[in-house]
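Notes for the one structure printed next.
The values are calculated or read from the model by the stated rules, or taken from the named source; none is laboratory data. The structure presented is a predicted model; accordingly, all values stated were derived computationally and were not measured. With ideal geometry, Cβ positions are generated from the backbone for all residues, glycine too; neighbour counts draw on all protein chains shown.
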Amino acid sequence: MSKQQSTDNWPEVRQQAVEQLPGAIVEFIEQCQAEEHPESQLIAVLHQVQNHFGHLGEAQLDAVAQLMRIPHAKVAGVASFYHFFRLNPPGQTTIHICLGTACFVKGAERVAEKFREELGIDFGETTKDGKFSLEASRCLGTCGLAPVIMVDDQVQGPATPDQVPGIIEKLLAKDKRAKNSGS
Amino acid sequence: MSKADTIDRHYRELVETADRELTENRPDGTIEIQVGSATCEHAAGSQTVYDEFKKHIEASDRKDIRLHRTGCTGRCSREPIVSLLIEGERPVKYQKVDSRAVHRIFTSHILRGEPAAEFLLGDPTAETAPVELLFCGGQRCGRKLDFDPEKSFRQALRQAGKSDRDVYILNANCFGLCGRERRGGGAHVLIRPQGLLYKIKSAEDVQRIVRESLVEGKTIKELESDEPVFGRRFFELYGELAFFNRQTRIALRNAGVVDPESLHEYVAYAGFEALAMALRKDNPKWVIEQLTQAKLRGRGGGGFPTAQKWRFGREAEAETKYIVCNADEGDPGAFMDRSMLESDPFSILEGMIIGGFTIGANRGFIYVRAEYPLAIKRLHKAIESCRRHGLLGRSILGSGFDFDIEIRLGAGAFVCGEETALIHSIEGERGQPRIRPPYPTDRGLWGQPTVINNVETFANIPVIVAYGGQWFGRIGSDNSGGTKVFALAGKVEHTGLVEVPMGVALRHIVEEIGGGVPGGKKVKAVQTGGPAGGCIPAKWLDTKVDFDSLTAKGSIMGSGGMIVLDEDSCMVDVAKFFMTFSQDESCGKCTPCREGATRIVEILERITKGRGEAADLDKLERLSRLMKRASLCGLGRAAANPVLSTLREFRSEYKAHVRDKTCPAHACKALIKYEIDPDKCVGCTLCARKCPVSCIDGERRKPHKIDQNRCIKCGRCFEVCRFDAVNRG
């Protein structure tokens, strides 16, 4: 029998984790390990992961936990605590409807209802074809333009329920054009 | 060389570099096009406008036109705003500028000297003149004069043969300059476009100004005010508009004036002067003394005296201390902090460095919402330029004091605005609050003493240090010095950022600056303080706006959200909106908040659906009081405020919902019914065509009828009817 089999499986675990994440993020995590309070960068790391993948998948959360040496339960706890992080993949286009006070007073609820009706989905859901996600948003801070919607990262306002079908049509047309020019 | 001399030398070098850079960029006679650039400006299309101007300038091959990017002036509903500055002329501002407008402005105004009238910002019928006199409206300005400066000016102008068309007189709000020396020693008048600021002490001075300055065009050196110049450039640029000239700009002194990405411009407007001063004095106690005299109270909403907090931080014994800027602006309807971060990030950094020096911290953190990408980008850039110019890092300005700042992102949790939750979030944990004490000034980040202040508090620090706490303390009310920035929104004509001295009447903000409710409707209430605040009914519009007066009326100052509600807003619905928000944002750690908010939302839901019971109002009150007393943190303790304040002030509306099953404001869908008055209906078919669910039947030219079973109560018919035939009840 050999002397003592090493039980340290860290190299394998690390390798599996590294495969799940882009190189830049792995590098960032390893840089943090060298500094004071590396665990405090967890939220920053999750931001980067979401930026890259569009959402936080189970495999990525696990990889982050391993590389940052933070229990998976805590990583999952943080990811699910903050509204900004999403655990499911979003649609191609995300429509945020601001439900801040100013927008509420100026009729955001009616705009939201029209979107729900037109897309047939509720807040936090994605259409079956994966084209649209609908999100209720905390104040976007552009209250002067209330009611405001944000299509991906483009803020628009003031929005009215009547504009809703037009906005969706335009997005679909854009999508079609992109596909046509692509093929 | 002594330390003070080293600091002076470093600071002088900084100023000289800035001056050099700026004069090289801006030779005499340059026409400057100023384009606003902040999140809301971008949303309104200011980037396209910027690019379009750039193209026009390149195409015209004019070397004397300079494109200048500034932050946001806070005139939200009219954005994008473009200002045209031509030397010796009044600055001209354009509103809602798009590519078409750019072309018109360029060809007409810049090339031919004729302003493009259709895009002008402001009242087109308002009187204008080549020269304007702006009187400071501060309570103390001119109080001790034995003559009325405005009257004397009018008289002197008449004698000199000048009419309203030559010189126009405007009354502004307090410039915020009032006397470092004697109270009310003189009256201030600003002459635009020359930008001369005179201090008048006698009727003789008035005569001289008219004779020498206005007629002969000279500058009278000995009458020029030696008071601080903060806000002066702002009045020079924007002084003629009521929305702006009724404000006092201190925290927003540079918003809409400087390029937020240029350290040099910040330095040119007295930037880092305060830092150099504090480092040169090398006496943290002196800084704290200034804050005490300034009566500065925390602008995040709590209103805790900043001097006291910094003293605790200073006195705490520890090797490592931290200073944190709370930029987790989560209140719905509030965007003051975002605007400050985007329009003048350097002033916040300067405030933080002074703070770090005062309490003895070498590291600072800015905790900012991830939802503010532009603010984050500008902060990063500002921190980088500060490091490059020796304003962050090792031995700042050669003083031997080391300090650096790091940005940490939030991730969309409202509760993280609470300081102990914020600390957990910076540490990478779930943002849940803990019981205080120990307060963060004893045990904060990683157990070390930590001072946490809001963005606006930091923005005020450099001004206080540079011009003295006494000066700052004189602006504002007895217990609270300085100004407060509000984000005015909701049912009001002019929405935007408003900065006024503490203690002005609510009416001043809503009516004089905000222009009242559009469409001739009446103000019903003003909601202040966000989800933790309350509603102040219209009968109390004369309430002074400061920490104590608002609390006395059952609301709070909060961080500065101010939403105007008119007759169409249902107060029960408003309370439900805020409770839903707080319930959603409750972190779930303590039971009173987690369960209390949930039950309150359920009851409010029931009431607005018309299923309320007589006992509900008492239950609401009891639950709200319980939440207030028993919750762990400020979020839970304040969450029921909107319910309590509306219950107290608008109980009749609750009763109407519960007892009569009606909504007096016609906002709660379940309680309204649309009917067509057959006598008034002419059968134009408009409502039938517009109805989204086609539930209106009727032949042409005959009265129509709404099928109540299918009606979704969207109110479309009510809005479109031109004959007033649709009744809502």
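Among the candidates A:GLY157, A:GLY91, the residue that is small (Gly, Ala, Ser) and under 24 Å from B:THR48 (Cβ atoms) is uniquely A:GLY157.
For the structure I just gave you, tell me whether B:ALA638 is at negative phi and surrounded by fewer than 21 Cβ atoms within 10 Å (Cβ to Cβ). In short, no.
Determine whether A:ARG138 is among the basic types (Lys, Arg) and either outside the structural domain of A:ALA178 (by TED's automatic domain parsing) or at pLDDT 85 or above (or both). Let's see the steps before the verdict.
Working: among the basic types (Lys, Arg): yes; either outside the structural domain of A:ALA178 (by TED's automatic domain parsing) or at pLDDT 85 or above (or both): no.
Criteria not met by A:ARG138.
Scanning the range B:279-336 for residues that are among the charged types (D, E, K, R), more than 18 Å from B:LEU422 (Cα to Cα) and more than 17 Å from the chain's Cα centre (by Cα) returns B:ARG280, B:LYS281, B:ASP282, B:LYS285, B:GLU289, B:LYS295, B:ARG311, B:ARG314, B:GLU315, B:GLU317, B:GLU319.
Scan B:GLN95, B:GLN34 and give me the residue that is surrounded by fewer than 19 Cβ atoms within 10 Å (Cβ to Cβ), polar (S, T, N, Q) and under 30 Å from A:ALA159 (Cβ atoms). First the steps, then the outcome.
Working: B:GLN34 fails: surrounded by fewer than 19 Cβ atoms within 10 Å (Cβ to Cβ).
When all the criteria are applied, what remains is B:GLN95.
Would you pick out the residues in the range B:700-711 that are in a loop (DSSP other than H, G, I, E, B) and either of a type in the set (S, T, N, Q) or surrounded by 14 or more Cβ atoms within 10 Å (Cβ to Cβ) (or both)? Residues satisfying the conditions are B:PRO703, B:HIS704, B:GLN708, B:ASN709, B:CYS711.
Residues in the range A:82-99 that are out of contact with any strand residue (DSSP E or B) (no Cβ under 8 Å at 6 or more places or on another chain) and within 8 Å of chain B (Cβ to nearest Cβ) were compared, and the one that is nearest to B:PRO373 (Cα to Cα) is A:PHE84. When we screen B:LEU626, B:LEU647, B:LEU632 for residues that are assigned by TED's automatic domain parsing to the domain that holds B:GLU585, buried (at least 18 other Cβ atoms within 10 Å of the Cβ), among the aliphatic types (A, V, I, L, M) and part of a helix (DSSP H, G or I), the only hit is B:LEU647. Listed by position, the helices (runs of 4 or more DSSP H) contained in the range B:1-84 that have at least 2 residues being charged (D, E, K, R) are B:3-25, B:46-60.
Here's a check for you: in the range A:30-57, which residue that is closer than 21 Å to A:PRO11 by Cα and part of a helix (DSSP H, G or I) is farthest from the other protein chains (Cβ to nearest Cβ)? Ranking the qualifying residues of the range A:30-57, first place goes to A:GLU30.
Filter the range B:718-729 down to the residues that are more than 14 Å from every other protein chain (Cβ to nearest Cβ) and surrounded by 11 or more Cβ atoms within 10 Å (Cβ to Cβ), then identify the one that is nearest to B:CYS668 (Cα to Cα).
B:ARG728
For the range B:300-315, the tally of residues that are in contact with a Gly (Cβ under 9 Å, 6 or more places away or on another chain) and modelled with pLDDT of 95 or more stands at 8. For B:ASN326, the stated conditions do not hold, so it cannot be described as surrounded by fewer than 21 Cβ atoms within 10 Å (Cβ to Cβ), modelled with pLDDT of 95 or more and within 17 Å of B:ALA361 (Cα to Cα). Pairing each residue of the range B:651-673 that is free of Cβ contacts under 8 Å to residues at least 40 places away in the same chain with any residue that is of a type in the set (S, T, N, Q), provided the two are 6+ apart or on different chains, yields C-beta distances under 8 Å for B:ALA656/B:THR662. When every residue of the range B:400-408 is checked against the conditions, at least one turns out to be within 14 Å of chain A (Cβ to nearest Cβ), buried (at least 20 other Cβ atoms within 10 Å of the Cβ) and modelled with pLDDT of 95 or more.
Where strands (runs of 3 or more DSSP E) fall wholly inside the range A:114-183, the ranges with 3 or more residues that are more than 9 Å from every other protein chain (Cβ to nearest Cβ) and either closer than 29 Å to B:PHE578 by Cα or in contact (Cβ under 8 Å) with a residue 40 or more places away in the chain (or both) are A:132-137.
Residue count for the range B:375-394 under the criterion of being in contact with a strand residue (DSSP E or B) (Cβ under 8 Å, 6 or more places away or on another chain), under 23 Å from B:ALA255 (Cα atoms) and without any contact (Cβ under 8 Å) to a residue 40 or more places away in the chain: the result is 5. Taken together, A:ARG86, A:ARG177, A:ARG116 contain a single residue that is under 15 Å from the mean Cα position of the chain (by Cα) and not assigned by TED's automatic domain parsing to the domain that holds A:GLY54, which is A:ARG86. The residue that is surrounded by the fewest Cβ atoms within 10 Å (Cβ to Cβ), counting only those in the range B:567-611 that are within 14 Å of chain A (Cβ to nearest Cβ) and of a type in the set (Val, Ile, Thr), is B:THR580. For the range B:74-85, a residue qualifies if it is at pLDDT 85 or above, within 11 Å of chain A (Cβ to nearest Cβ) and either buried (at least 24 other Cβ atoms within 10 Å of the Cβ) or more than 20 Å from the chain's Cα centre (by Cα) (or both), and the qualifying residues are B:GLY74, B:ARG75, B:GLU79. Only one of the numbered conditions (1) more than 13 Å from chain A (Cβ to nearest Cβ); (2) touching an Asp or Glu at 6+ places or on another chain (Cβ under 8 Å); (3) touching a residue at least 40 places away in the same chain (Cβ under 8 Å) is not met by B:CYS416, and that is (1). Only one of the listed residues (B:VAL455, B:VAL463) is within 22 Å of the chain's Cα centre (by Cα) and within 20 Å of B:ARG338 (Cβ to Cβ). That residue is B:VAL455. Pick from the range B:323-334 the residues that are out of contact with any Asp or Glu (no Cβ under 7 Å at 6 or more places or on another chain) and at the interface with another protein chain (Cβ under 10 Å from one of its Cβ atoms): which of them is nearest to B:TRP446 (Cα to Cα)? Looking at the filtered set, the residue picked out is B:GLY330. Checking the structure you have, find out if any residue of the range B:632-646 is under 22 Å from B:GLN527 (Cα atoms), in contact with a His (Cβ under 9 Å, 6 or more places away or on another chain) and at pLDDT below 95. Looking through the range B:632-646, none of the residues is under 22 Å from B:GLN527 (Cα atoms), in contact with a His (Cβ under 9 Å, 6 or more places away or on another chain) and at pLDDT below 95. Among the residues of the range B:511-531, those identified as surrounded by fewer than 24 Cβ atoms within 10 Å (Cβ to Cβ) and not in a strand (DSSP E or B) are B:GLU511, B:GLU512, B:GLY515, B:GLY516, B:VAL517, B:PRO518, B:GLY519, B:GLY520, B:LYS521, B:LYS522. Within the range B:650-665, the set of residues being touching a Pro at 6+ places or on another chain (Cβ under 8 Å) and part of a loop (DSSP other than H, G, I, E, B) comprises just one member, B:PHE650.
Might you let me know whether the range B:668-682 holds any residue that is crowded, with 17+ Cβ neighbours inside 10 Å, in contact with a Leu (Cβ under 9 Å, 6 or more places away or on another chain) and not β-branched (Val, Ile, Thr)? No - not one qualifying residue is present in the range B:668-682. Checking the conditions here, which among B:GLY476, B:GLY490, B:GLY496 is within 27 Å of B:ARG75 (Cβ to Cβ), under 17 Å from the mean Cα position of the chain (by Cα) and more than 14 Å from chain A (Cβ to nearest Cβ)? On inspection, the qualifying residue turns out to be B:GLY476.
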